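Novice: Take a look at the following structure, please.
The values are calculated or read from the model by the stated rules, or taken from the named source; none is laboratory data. Keep in mind that what you see is a predicted model, and the values were worked out from it rather than measured. Here Cβ is always computed from backbone atoms with ideal geometry, including for glycine, and neighbour counts include all displayed protein chains. The area values use the complete protein model at the heavy-atom level, side chains included, leaving out ligands, DNA and RNA. Shrake-Rupley method; radii C 1.70, N 1.55, O 1.52, S 1.80 Å.
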Amino acid sequence: MTVQLTTSDLLARGTALLAPVLERPSLDAGLLLAFALGCTRVRLKSHPEEPRTGADEARYLALIERRAQGEPLAYITGVREFWTLELRVTREVLVPRPETELLVERALVLIPAPQARVLDLGTGSGAIALALATERPAWELLATDASAAALAVARDNARRLRLANVSFHAGSWFAGLAERRFDLVVSNPPYVDARDPALLALKDEPRQALTPGEDDMADLRAIIQGAPEHLLSGGWLALEHGTAQADAVAHELVARGFVSVRSHRDLGGHERVTEGRWP
């Protein structure tokens, strides 16, 4: 007698296959099963004995194999939640991470005014700019990136989210911005040393968005040096950086003439964002 596959069977199998490589295998297994079946996770839980076909199984196990090989979940499903948003992501952009939400939080604290001009350098998927645009609909945001493919993803996310207060510009850091000045500049630039073994675990993500080369401070330093020409008096620069870079970033900010320099810890307790005010 043929045994009928069920939702519960598939979920158990996917969880078992991911258990050796993930800390929370059941979460990813459930997300991938919902994606494979085109349903919600609520449906999976409410109908665990729903029958499934061999085609369902094959489609699901192919996704599980990709995840077991280390491919980010967001690249498999094509979406990633960030802040209150669901963003489309592709291999042309970094996967937005929860720790970057600290940069959004700090931006909202630094500029409490309902109207402001804000620049997001190296926007990638648009995560930071679009989160700010959602929270401050009267802000004028400009998001830049050197990658045309990344900008296409960011523009598409803005269109899908119906956020009209963000515009986009192709260019590396401040290139092409002439004398434009802003109340706030934010950035999550590449800051991983090219020799860092941690890059191996990030092999699926765009290398140019992760590392500036063997000088891990190169892009952070370039932004700090160029920011004053694009900040209004009293404007802020807020930067995400690596867990061991807070002191170096703060030193660069002070040396460039920024005041009120301070760092902030993410939910993991790591110094993740450093900010400074242009006098």
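Novice: To the nearest 10 Å², what's D28's accessible area with a 1.4 Å probe?
Specialist: 20
Novice: For A250, what is the net charge nearby, where nearby means another residue's Cβ is under 10 Å from its Cβ and Lys, Arg count +1, Asp, Glu -1?
Specialist: -3
Novice: Would you mind pulling out the separation of the Cα centroids of region 198-248 and region 51-97, in Å?
Specialist: 28
Novice: What net charge do the residues around D56 carry, taking every other residue with its C-beta under 12 Å from that of D56, with Lys and Arg at +1 and Asp and Glu at -1? Mind showing how you got there, number by number?
Specialist: Working: positive: R13, R52, R59; negative: D9, E50, E57.
Taking every other residue near D56 into account, the sum is 0.
Novice: In Å², what does the accessible area per residue of the chain work out to with a 1.4 Å probe?
Specialist: Each residue of the chain exposes 48 Å² on average to a 1.4 Å probe.
Novice: Select from A209, A55, A238 the residue whose mean-square fluctuation is largest in a Gaussian network model of the chain (Cα-Cα springs shorter than 10 Å).
Specialist: Highest fluctuation among the options: A55.
Novice: Using a 1.4 Å probe, how large is the accessible area of K203, given in Å² and rounded to the nearest 10?
Specialist: Near enough 130 Å² of accessible area.
Novice: Net charge around A131, counting only other residues with Cβ within less than 15 Å of its Cβ (Lys, Arg = +1; Asp, Glu = -1)?
Specialist: -1
Novice: Moving to a separate point now. Just to be sure I follow the definition: excluding the sites themselves, where is the longest run in the chain that has none of the GluC sites (Glu not before Pro) in a DSSP loop with at most 12 other Cβ atoms within 10 Å?
Specialist: Working: sites that count: E23, E49, E179, E214.
Free of exposed loop sites, the longest segment is 50-178.
Novice: Using DSSP to call loops (not H, G, I, E or B), can you name the trypsin sites (Lys or Arg not before Pro) in region 124-190 whose Cβ has at most 13 other Cβ atoms within 10 angstrom? Present the calculation step by step, with values, prior to reporting the outcome.
Specialist: Numbers: sites: R155, R159, R160, R162, R180, R181; in loops: R162, R180, R181.
Qualifying residues, ordered by number: R162, R180.
Novice: Follow-up. Using a cut-off of under 15 Å, list every residue of region 181-204 whose amide N is near the label point 7 Å from the Cα of E81 along the Cα-to-beta-carbon line.
Specialist: Answer for this model: none.
Novice: Additional query: Could you give the length gained on full extension between L199 and H270, defined as 0.36 nm per residue of separation minus the Cα-Cα distance, in nm? Walk me through the numbers before you get to the answer.
Specialist: On the way: separation 71, 0.36 × 71 = 25.56 nm, distance 1.90 nm.
Here the segment from L199 to H270 would lengthen by 23.7 nm.
Novice: Say R0 is 25 Å: what FRET efficiency, to the nearest 0.05, do R262 and R24 get from their beta-carbon distance?
Specialist: Numbers: r = 33 Å, r/R0 = 1.34.
Calculated transfer efficiency: 0.15.
Novice: Could you tell me the accessible area of R67 in Å² (1.4 Å probe, neighbours in place), rounded to the nearest ten?
Specialist: It works out to around 40 Å².
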